[in-house]
1. Counting just the residues of the range 371-386 that are free of Cβ contacts under 8 Å to residues at least 12 places away in the same chain and not small (G, A, S), which one comes out surrounded by the most Cβ atoms within 10 Å (Cβ to Cβ)?
2. Applying the selection to the range 46-73, what residues are surrounded by fewer than 16 Cβ atoms within 10 Å (Cβ to Cβ), in contact with a strand residue (DSSP E or B) (Cβ under 8 Å, 6 or more places away or on another chain) and either of a type in the set (D, E, K, R) or not in a loop (DSSP other than H, G, I, E, B) (or both)?
3. Six or more apart or on different chains, Cβ under 8 Å: which pairs go from a residue in the range 128-151 that's under 30 Å from Q103 (Cα atoms) to one that's open to solvent by 90 Å² or more (accessible area, probe 1.4 Å) and among the aromatic types (F, W, Y)? Could you list them?
4. Filter the range 411-450 down to residues that are in a loop (DSSP other than H, G, I, E, B), more than 15 Å from I279 (Cβ to Cβ) and under 32 Å from the mean Cα position of the chain (by Cα) and give me whichever is modelled with the highest pLDDT.
5. In the range 461-494, what residues are of a type in the set (D, E, K, R) and under 27 Å from S262 (Cβ atoms)?
6. Checking S387 against (1) hydroxyl-bearing (S, T, Y); (2) over 26 Å from K287 (Cβ atoms); (3) out of contact with any Ser or Thr (no Cβ under 7 Å at 6 or more places or on another chain): exactly one of these is not met. Which one?
7. Out of all the residues in the range 83-128, which are open to solvent by 40 Å² or more (accessible area, probe 1.4 Å), more than 25 Å from N58 (Cα to Cα) and at pLDDT 85 or above?
Amino acid sequence: MSNSSSPGGGLDPLEYYALLKLADAPGLPGQGPTCKYVQTPLAPVNASTPFWTCPAGNYCISPKHVQPCPPGFYCPANTAQPMYCCAGYYCSKDTKTLTLCPQNNYCPTGSVDGGTSCLWLASCPAGSSSASKFGLVIFVLVFIIAICIVFWIHKRLQRVKNHHLEKRLRWIHNHNLQHDNPLMADEADLEREDDDNESEGSTRNNEQVIQMEDTEDKTPNSDGTAAAKPKRPALRRKVTRVTHTFDIEFEHLGLTLSNGTSILQNVSGVLRNGRTCAIMGPSGSGKTTLISMLTSKIPKDEGRILINGQEEDLSHYRKLIGYVPQEDIMMRELTVDDILLHSAYMRLPANLKRAQMTEKVLEIVDFLGLNSVMDSVVGDAEKRGISGGQRKRVNIGMELMNPHLDWTRVQAEMSVESIARRKGLTVAAVIHSPSPVAFDQFDDLLLLGHGGRVVYHGPRTEAPLYFAAIGFPVPKEASPSDFYMDVISNNVKSNLTK
C-alpha cells in the first residue's frame, strides 16, 4: 500500500470518490459480455491526493481499511469496493477469478462456482445470463395448434357419427311405424295360439310366436279387372319371455326410526310376475321406503320377504332387476346418448360388439321417445339441459339396459302392462296423481296411508267395489286414483257415517 495521506485527513467525499474509477475486469474473453469493477487509485493525481493498492480477494475502501470479499462478489486486485459477480459469468469461491458461463448454462448476477443448467427447449449460448424461452414458446404454440386440430378432427368425427346415428334412429323409428306391432294382437288369438301350442306338445313354453301377413290390396286394371299387388313378406317375430320370473311376497314389514317415528307398519302384500302394481299414498306414507326395502337397499325392522316362496334377498338377483330411484342419478355433463351407451357398456355382456350395443341404445332411445334430445346434455339447475320428464326417461333407459330383456321385440309397444304380461316381468311403480289412462295400465294397486299402513291391496279393478263397500263409492265424474287419495287424506266422508 501507499504511504500517502489518508482520505480521512480532511479530503472532501466528492474528491475522494472522484479518485475511484470503473475498470474492465482482467482476463475477460473478447466475445463475452462486459464486466467492470471499482478500482482503487493507483497513482496520485497531485501531491495532496492519496493512492493505494489492494490484494485480490479483498476490497480496500482506504489504505487502512482492508476487508475480505464476501461470496458471490468479485474482487480482483486493487478493488475499492465489492461488486456482484457479473451476469454471464460465475466467480470462484475465493472471489478472485471470473469465468465465462459455458454453453447450455446460464449465469445470473452473483453466480458462484458454475452456472445453472439450461431449461428444455431453451437456448443458452456461452455467456448467457438467462435462458432464452423462444424455443419453448414455439413448442407451446405448436402444441396448442395440434390440440386444436385434434379437437377439430374429434368434433368432425362426432358430427359424422351423430349423423349416422340419427339416420339409423330414423330408420328404426320409421320401421316401427310401417310394421304392425305383434304385441297388439287380440287376446283371443293369443289364447287360441297357446292352446294349439300345448296340444302339439311343443317345447316353446317360454315364447309366443306371432305370424303376420299382409292382405292383398286389390287395384283395378284398365279393363276393370282387379289385380293383386305383390304381397309384403310375412313378418315373423318372437316375443320372448324372461328366463327367470319373480313372485315377491312381503309379510308384516315394519320400519321405525330411532326417534320413534313409524315409516312402515305391518305392511303385507304380493307382487306377481306378469303383472304391474301401482303403489300410491300421501307424502310420508313410506312408498319409496317399501320399494327400497324390497330391493334390499335399506334394512327392515320386522317382517320377512319371500322370493318365489323362499325367504331371501332380492339383491342376490341384482343383474336381473332394474331399480329407478326417485332422484335422477346420472352425470349431468354428459349427453343422453353418452349416458345410455355407458350404461350399456357396464351392464350388457362383454362379448357384444360396440355396434350391437349402439343398436340397443338406439332402440331404447326410440322406445322412450328421446330421439330429439339424444345429443343434448342432461344439464342441471345451473346449466339448462333436457326437461325433468325426459331426464326421468333417461333414468328408466339406464335400467332397461338389461341383457335379459330383448327390447327389439317390444320397442313399438308403449303399454307397460302389456310388456310385463308378455315378458313375464314383475313391475312395481310409485306414482303420483296419474291420469285415468295411465292408471288403467296397472293390474294391481297398493294404497298406503299415513304412518305406513296398508289401506288397500289387490286388483285395481276391484278397488271401486271395496271402497263402495266401506262407504266410499267412486263418483262417475271423478278420477279413481284422485278419489282414493282424497279418501286416504280424510277429505271425503264415508256414506256409512252420515
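The values are calculated or read from the model by the stated rules, or taken from the named source; none is laboratory data. Computed from a predicted model, the values in this text were never measured in an experiment. In this analysis, Cβ positions are derived from the backbone assuming ideal geometry, glycine residues included, and neighbour counts consider all displayed protein chains. Only protein heavy atoms, including side chains, enter the accessible area calculation; ligands, DNA and RNA are left aside. Shrake-Rupley method; radii C 1.70, N 1.55, O 1.52, S 1.80 Å.
1. Filtering the range 371-386 for residues that are free of Cβ contacts under 8 Å to residues at least 12 places away in the same chain and not small (G, A, S), the one surrounded by the most Cβ atoms within 10 Å (Cβ to Cβ) comes out as R384.
2. Answer for the range 46-73, where residues must be surrounded by fewer than 16 Cβ atoms within 10 Å (Cβ to Cβ), in contact with a strand residue (DSSP E or B) (Cβ under 8 Å, 6 or more places away or on another chain) and either of a type in the set (D, E, K, R) or not in a loop (DSSP other than H, G, I, E, B) (or both): V66, Q67, P68.
3. L136/W120
4. L425
5. D482, D486, K493
6. (2)
7. Scanning the range 83-128 gives P102, Q103, N104, Y106, T116, S117, P125, A126.
Okay, residues lined up against (1) open to solvent by 60 Å² or more (accessible area, probe 1.4 Å); (2) assigned to a loop (DSSP other than H, G, I, E, B); (3) modelled with pLDDT under 50:
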| residue | (1), (2), (3) |
| --- | --- |
| V209 | no, no, yes |
| E216 | yes, yes, yes |
| T245 | no, yes, no |
| L253 | no, no, no |
| Q265 | no, no, no |
| C277 | no, no, no |
| P282 | no, yes, no |
| S285 | no, yes, no |
